[in-house]
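A.B. asks: One structure coming up, written as structure tokens, with questions to follow.
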Amino acid sequence: MKNSLPDRVALVTGGGSGIGRAAAVAFARAGARVVVSDVDPEKGAETVRMMPASSTFIQADVSVTSQVKDLIRQAVELHGKLDCAFNNAGIEGAIARLHEYPDTAWDRIIQVNLKGTWLCMKYELRQMLKLGKGAIVNTSSTAGHVGSRGRMSAYIASKHGVLGLTRTAAVEYGAKGIRVNALCPGAVRTPMTERLLGADPERAERMAQFIPMARFGTPDEVAEAAVWLCSDAASYVNGLALPIDGGYLAH
Ligand SMILES: NC(=O)c1ccc[n+]([C@@H]2O[C@H](COP(=O)([O-])OP(=O)(O)OC[C@H]3O[C@@H](n4cnc5c(N)ncnc54)[C@H](O)[C@@H]3O)[C@@H](O)[C@H]2O)c1
């Protein structure tokens with residue numbers, strides 16, 4: 001959506017790969033000045049090289065309070081404000097049945113996916129409250145709506161939690177001019193999905209059979225929805241958990 005975010009400043013976390021990288025590029029295409037953040041400096045810098053000169057990379061681990069605080073402070077020092085935030089950084093974690101799930105893996109996934117989203121929202125909201133407006137989009141998942149047999153209980157719990165945070169913030173801050181929504185991607189072709197599928201192309205084909213559109217989504221298809229939710233075209237959309245899943249949740 002070209003020029004749908006004129007004069008806006010946007011932050012994208014997890015911007016070094018997959019959906020976050022596509023979103024950073026899409027926010028810039030829409031006219032925003034974009035701060036790309038990621039825990040991995042090389043991948044973040046690579047994303048910024050694909051973008052206009054107004055784009056910046058700031059390294060931060062979203063699970064660490066001091067780093068998130070610094071990230072938002074630096075973004076605002078750089079651009080004077082924060083209009084939009086796409087809280088997208090996430091990890092898939094270990095694959096194990098619930099009764100065998102390792103405690104350390106559980107803690108890490110909750111720290112990154114759930115606490116990380118909350119920390120980003122906490123410091124973004126402080127800036128947006130000063131501005132009297134703003135739009136936040138969090139990345140949940142179809143795994144935020146339903147359980148699965150995929151041995152990913154911690155991931156699923158974290159993504160359900162992201163929807164709880166999103167809805168709570170939408171209710172708490174709607175009257176302050178700040179909209180908070182979530183994206184719920186289904187199976188999207190990214191490095192995360194490649195890791196989960198392993199080197200088995202037939203597994204991807206089998207999975208695609210369970211998707212009404214019979215294919216995986218692309219990072220760009222998710223990115224465009226993030227841009228739309230941050231734009232004025234979605235000015236009355238608040239508290240939405242939007243599936244981008246080829247119809248997966250419809251059956
Ligand atoms: N790919 C899918 O099919 C799919 C489906 C539903 C939801 N999601 C969600 O979309 C988001 C992006 O996933 P993706 O598929 O693009 O994954 P990805 O692994 O390709 O990219 C994730 C990015 O997040 C970064 N990251 C990881 N931990 C971080 C941390 N602690 N702090 C900051 N950055 C960190 C990684 O370095 C990486 O660049 C995740 O929240 C994921 O759970 C993905």
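A.B. asks: Grab the helices (runs of 4 or more DSSP H) fully contained in region 1-107, keeping just those with 1 or more residues being of a type in the set (Lys, Arg), in contact (Cβ under 8 Å) with a residue 40 or more places away in the chain and surrounded by fewer than 16 Cβ atoms within 10 Å (Cβ to Cβ). Spell out the reasoning first.
C.D. replies: Working: elements: 18-29, 41-49, 65-79.
Because the criterion is at least 1 residues that are of a type in the set (Lys, Arg), in contact (Cβ under 8 Å) with a residue 40 or more places away in the chain and surrounded by fewer than 16 Cβ atoms within 10 Å (Cβ to Cβ), the helices (runs of 4 or more DSSP H) in region 1-107 that meet it are 65-79.
A.B. asks: Another one. Might you check whether a residue that is closer than 19 Å to residue 161 by Cβ, of a type in the set (A, V, I, L, M) and touching a strand residue (DSSP E or B) at 6+ places or on another chain (Cβ under 9 Å) occurs anywhere in region 73-84? Give the steps one after another, and end with the answer.
C.D. replies: Start the filter on region 73-84 by keeping residues that are closer than 19 Å to residue 161 by Cβ, which leaves none.
No - not one qualifying residue is present in region 73-84.
A.B. asks: List every residue pair whose Cβ atoms lie under 6 Å apart, where the two residues are 6 or more positions apart in sequence or sit on different chains, the first residue falls within region 172-194 and is more than 19 Å from residue 214 (Cβ to Cβ), and the second residue, located anywhere, is of a type in the set (D, E, K, R) and not in a helix (DSSP H, G or I).
C.D. replies: Correct list of pairs: 177/133; 192/92.
A.B. asks: Then there's this: Of the numbered conditions (1) farther than 28 Å from residue 176 by Cα; (2) of a type in the set (Val, Ile, Thr); (3) more than 8 Å from the ligand (Cβ to nearest atom), residue 91 satisfies every one except a single condition; which is it?
C.D. replies: Only one criterion is unmet by residue 91, namely (3).
Throughout, read-outs are computed from the coordinates displayed, never taken from laboratory work. None of the values given here were measured: they were computed from a predicted structure. A quick note on method: Cβ atoms are made from the backbone with ideal geometry, for glycine too, and the neighbour counts reach across all protein chains shown.
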